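The values are calculated or read from the model by the stated rules, or taken from the named source; none is laboratory data. Just so it is clear, the model here is predicted, and its values are computed rather than measured. Glycine gets a Cβ as well: all are built from the backbone with ideal geometry, and neighbour counts include every protein chain shown.
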Amino acid sequence: MRILIADDDAVTRQLVQMLLVKWKYDVTAVDNGTDAHACLVDQDGPSLAILDWMMPGLDGPDVCKKVRASNPKRPLYLILLTTLEKKDNIIQGLESGADDYLAKPFDPGELRARVRAGERVVNLESDLRQHVRELEDALAHVKQLQGLLPICSYCKKIRDDQDYWHSVDQYIAKETNVRFSHGICPTCYDEIIVPQLENADAEAERK
């Protein structure tokens with residue numbers, strides 16, 4: 001997990017960085033909101049950020065707003081670090097696009113717990129996005145099956161892209177996750193099975 005720290009206070013920035021490195025995180029540290037924004041909108045940027053509320057350039061809430069507006073293609077979890085603890089400030093920070101906040105001076109144990117919570121959310125969202133991509137790929141494949149298929153006019157076998165012929169059930173089972181259970185429809189029963197039974201009975205009577 002890569003984590004960004006953005007804080008213009010060198011002591012706080014170095015303390016947070018030291019703790020995160022100790023906890024085995026890959027850390028990038030900047031001292032202003034402009035650099036923090038540039039780092040987060042980069043397609044290879046960190047997925048979790050700890051942002052000071054008041055910084056040169058862009059403040060923490062502004063960074064959150066601009067990053068969310070850019071609609072990043074990866075999960076992002078944003079934590080605001082602030083001395084402002086009034087309910088209105090907290091609401092303002094969360095409405096700007098932050099996922100969580102941490103009050104200064106912070107407790108290292110609380111910082112670690114909130115970072116781990118953010119890491120779990122990022123991992124869950126990453127897994128969800130992967131499942132969505134797999135589902136979209138599967139649906140795209142199914143849509144391809146809805147197109148024109150070469151099928152034999154007599155035996156009804158389907159030709160695949162390698163020029164091999166398969167029965168309809170074999171072809172669909174091969175190209176999708178569908179499995180078949182075979183039965184007999186009423187029409188086939190009346191037109192095929194009943195005559196076969198009648199013929200069998202007539203043959204038995206002749207014997």
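Return yes when Asp201 is exposed (fewer than 12 other Cβ atoms within 10 Å of the Cβ), at pLDDT 80 or above and of a type outside the set (A, V, I, L, M) and no when it is not. For Asp201, the condition - exposed (fewer than 12 other Cβ atoms within 10 Å of the Cβ), at pLDDT 80 or above and of a type outside the set (A, V, I, L, M) - is not met. For the range 74-94, the candidate set comprises residues that are in contact with a Gly (Cβ under 8 Å, 6 or more places away or on another chain) and among the β-branched types (Val, Ile, Thr); within that set, the residue that is surrounded by the fewest Cβ atoms within 10 Å (Cβ to Cβ) is Thr82.
Contact map, the range 102-128: residues that are small (Gly, Ala, Ser) paired with residues that are surrounded by fewer than 17 Cβ atoms within 10 Å (Cβ to Cβ), Cβ distance under 6 Å, separation 6+ or inter-chain. Pairs shown: Ala103/Glu85. On inspection, Leu78 passes the criterion of being modelled with pLDDT of 95 or more and at negative phi. Scanning the range 121-128 for residues that are part of a helix (DSSP H, G or I), at pLDDT 85 or above and in contact with a strand residue (DSSP E or B) (Cβ under 7 Å, 6 or more places away or on another chain) turns up at least one hit.
If you filter the range 21-65 down to residues that are without any contact (Cβ under 8 Å) to a residue 12 or more places away in the chain and of a type in the set (Lys, Arg), you find that the one that is surrounded by the most Cβ atoms within 10 Å (Cβ to Cβ) is Lys22.
With the structure loaded, tell me whether Leu84 is at pLDDT below 95, assigned by TED's automatic domain parsing to the domain that holds Ala103 and in contact with a helix residue (DSSP H, G or I) (Cβ under 7 Å, 6 or more places away or on another chain) or whether it fails that test. No; evaluated as a whole, the condition is false for this residue.
What is the number of the single condition among (1) in contact with a helix residue (DSSP H, G or I) (Cβ under 7 Å, 6 or more places away or on another chain); (2) farther than 17 Å from Thr12 by Cβ that Arg120 does not meet? Tallying (1) in contact with a helix residue (DSSP H, G or I) (Cβ under 7 Å, 6 or more places away or on another chain); (2) farther than 17 Å from Thr12 by Cβ, Arg120 fails exactly one: (1). Any residue at all in the range 2-19 that's in contact (Cβ under 8 Å) with a residue 40 or more places away in the chain and among the small types (Gly, Ala, Ser)? Checked the range 2-19: at least one residue is in contact (Cβ under 8 Å) with a residue 40 or more places away in the chain and among the small types (Gly, Ala, Ser).
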